[in-house]
Amino acid sequence: MSPLLEVDDLRVHFETEDGLVKAVDGVSFSVEKGKVLGIVGESGSGKSVSMLTVMGLSRSRNARISGAARFDGQDLIQASAEDLRDLRGNDVAMIFQDPLSSLHPFYKVGRQLVEAIQAHKYVNKSEAKERAIEFLGMVGIPDPRRRFDNYPHEFSGGMRQRAMIAMALVNEPRLLIADEPTTALDVTVQAQILDLIARLQTELEMAVILITHDLGVVAEVTDHIGVMYAGRIVEHADKRDIFRAPEHPYTWGLLQSIPRLDRPRDEPLVPIPGRPPSLITLPTGCNFHPRCPYVRPRHREVDPRLEPVPEDPAHRVACLLPSETRKRLWQELSAGKAPEEARAEIVEGGLA
Amino acid sequence: MTTYIVRRLLWVIVLLFLVSAITFVIFFALPSADPAQLRAGRQPNPQLVEAIRHKLGLDKSLPVQYYRYMKGLVLHFDFGYSYQNNISVKQQIFDRLPATASLAVGAAVVWLVIGISVGTISAIKRRSLFDRVAMGGALVGISAPVYWLGLLSLYLFANDIGKIKIFPGSGSYVPLSEDPTKWFTSLILPWFVLAASFAAFYARLLRGNLIEVMSEDYIRTARAKGLRERRVVLRHGIRSAITPIVTAAGLDIGILLGGAILTESVFNIPGIGRLAYDSIQQSDLPMIQGTVLLGAFFIVMMNLVVDVAYAFIDPRVRYS
């Protein structure tokens, strides 16, 4: 079965006065029908730009876009603006980080849903209104008929994101792209929104791409996870493998920097040293090498490709360390060793 | 909302009261010609001047003069009579107001249409040739003095002295009630001349605002919904970007309703601006008071209108 969305070597570069910003620099991934893909990475790793490009929302005069993004066989990178507009909000919908600024402050919430319906369906106002109310109810907004006439500022943060979700789903898209949908919300509301997305995903049998910087969020609801760093996917695997047998040092860093309930409480969190690289002057060789505790001289020259690990073709990683070394490093790290200790023992022990 | 408006209206009265007092004080504090002397003609004898002084009440003390004026105003809505020709100030203002209103409102229509459309296109096609030419032109429009622009337009287009004789020139104003067609053609040049700098300013204002609004999250949402770009700009972008335009338009129209002195002078339009100017020349206090109060009234009322309009534009605005 061919995937619903297949992104192949997507590059999005922006020409700016300071130089060429390589926001997305060769990203490939795919989402199957009815599956949930999590894309994880720091701010500026290119997560959002990739998705906006798929939606055709990053086309600007200074953007240089190449590669392919096939949705149901149609290449969205080559598609005309009109074809993309027809697709947006209809087959592919998107929700955003901050639901308050993402809803128009001057229009009633219900009216914004009606507008979304009428952008794609020839229905009259009262039919559209009924459908909008139905969807507001479906996302758990109490008394949707009355709430239909409220303005966004009269909603709470969680309710606004529910309304955004209702607006995105109102034309029953096959793919929902959720760009940090819970980042701006309280923790308790975050869980509710994730549950809601998971429930609707199953009910409506749609595929979901969940963009986040929070591994805890993707752990809940995804099937596959792609880890992005500096405009590329550095590891892509089944969710279970990302948490159980991660292969990339950056993924290890992400996992070690979040608190876990199954670990001793006094175990310190290990931050990833350094800062994300400038997207104008990317490091030579492996993009992650300036921050990687296990770097070898060769890694500063050779650019790693995203390749399957020997025993699992579905688990792909872009790392120059030998597979055997990576396995042993992760064993040591998950046993509680600090990165420097693991490095001293394994990398400098001559195995690399 | 109603309580808010009522409260604001009470403040309008207080404010106008203050304005009249200040105008009165300024008139007597600053050196100006003696109205009685002016009225008496070229070679007046002292008795005549004294008689006029008495007739106009100028021989009374200042507080008494002010009290008399205010008494007439408050009790009878009587603005007094001209020191120079005994014409009722109220009558004179009502006679002159249609010309000024025609000029101000017509110019506002011109500058809003031009300003909003040019500003929108410039914002959407930022850095295009259109944008550059329009914004360069706007700079000229803002910088050009109204009287220069007025004289230039007469020199070029007036049907008496112009190079291309297409529009009626200076002094051709005809009231709307007399001949609508002539009224319209006679005001075409004044409208455009008066509107030029406003249109330029509004175009720049809207362009800046719209560029900012178009990078808002809710615009991205509108596009993500699959709306046509036209609808995104008109319904979602301009709706937000227009708010400061409403403020500016309200205040500018308010100011112009109190008289557009320069434009009225260049085109010889008998409006409030000319009336105010002439009455200052003639030390005609009742007429000055009348025009000043009228101007102040329009400005504060348009302020109120703008504030109330805000509540309709932005549902987040609430007055109590």
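Each reported figure results from applying straightforward, stated rules to the coordinates on display, with no laboratory input. Predicted model, so just to flag it, every value in this text is computed and none were measured. Please note: Cβ atoms are built from the backbone with ideal geometry, for glycine as well, and neighbour counts cover all protein chains shown.
Observations, loosely collected:
- The three principal axes of the C-alpha atoms in chain A carry coordinate ranges of 73, 47, 42 Å, sorted with the longest axis first.
- Overall, region B:34-190 carries a charge dipole of about 340 debye about its Cα centre when +1 sits on the Cβ of Lys and Arg and -1 on the Cβ of Asp and Glu, all other atoms neutral.
- Test item: A:117-123 mean partner chain Cβ contacts at 10 Å: 2
- Put a plus charge on the Cβ of each Lys and Arg, a minus charge on the Cβ of each Asp and Glu, and nothing anywhere else: the dipole of the protein assembly as shown about its Cα centre is then about 2020 debye.
- Between 0 and 90 degrees, the angle of helix A:157-169 with respect to the longest Cα principal axis of chain A falls at about 80 degrees.
- Packing-based exposure ordering (other Cβ within 10 Å, fewest first) of A:VAL54, B:VAL193: A:VAL54, B:VAL193
- For chain A: relative contact order, % (alpha-carbon pairs under 8 angstrom, 6 or more apart): 18 percent
- Of all complete DSSP H helices in chain B, those with a Cα span along the helix axis of 30 Å or greater and a mean Kyte-Doolittle hydropathy of 1.6 or more are B:2-29, B:285-313.
- The helix-based estimate of mean residue ellipticity at 222 nm for the protein assembly as shown, built from -39,500 (n - 2.57) per DSSP H run of four or more residues and divided by its residue count, is -16000 deg cm²/dmol to the nearest 500.
- Across region A:99-172, counting alpha-carbon atoms alone, Rg and Dmax equal 10.8, 32 Å.
- Principal axis analysis of the Cα atoms in region B:2-76 yields extents of 58, 25, 19 Å, listed in decreasing size.
- For chain A, the longest principal axis of the alpha carbon atoms and the long axis of helix A:109-118 meet at an angle near 90°.
- Scanning residues 5 or more positions from A:GLY67 or on other chains, those with amide H under 5 Å from its amide H are A:ARG11, with H placed 1.01 Å from N in the peptide plane.
- Couplings 3J(HN,Hα) for region A:201-213, derived from phi with the Karplus relation 6.51 cos²θ - 1.76 cosθ + 1.60 (θ = phi - 60°), are 4, 5, 4, 8, 6, 9, 8, 10, 10, 10, 8, 7, 9 Hz, where x marks Gly and Pro.
- Prolate/oblate/rounded label for region A:237-286 (Cα gyration tensor, a/c 1.5): oblate
- Projected area, mean over directions - the protein assembly as shown, Cα convex hull, nm²: 42.2 nm²
- Assuming charge only on the beta carbon of Lys and Arg (+1) and of Asp and Glu (-1), the dipole of region B:95-313 about its Cα centre is about 1340 debye to the nearest 20.
- For trypsin sites (Lys or Arg not before Pro), the sites in region A:67-146 that DSSP calls loop and that have at most 15 other Cβ atoms within 10 Å are A:LYS121.
- DSSP loop trypsin sites (Lys or Arg not before Pro) with at most 16 other Cβ within 10 Å excluded, longest remaining stretch of chain B: B:229-315
- Environment charge at B:TYR81 (Cβ cut-off 13 Å; Lys +1, Arg +1, Asp -1, Glu -1): +2
- Counting only other chain Cβ atoms within 10 Å of each residue's Cβ, the peptide A:98-105 averages 5.
- Bins of 5 Å from zero: percent of alpha-carbon pairs in region A:161-272: 2, 10, 20, 21, 19, 15, 8, 4, 1, 0
- In whole angstrom, region A:213-311 maps to an equivalent ellipsoid with semi-axes of 24, 17, 13, each derived as √(5λ) from the alpha carbon gyration tensor and ordered largest first.
- Amide hydrogen neighbours beyond the local backbone of A:ASP25, cut-off 5 Å, H modeled: A:VAL12, A:ARG232
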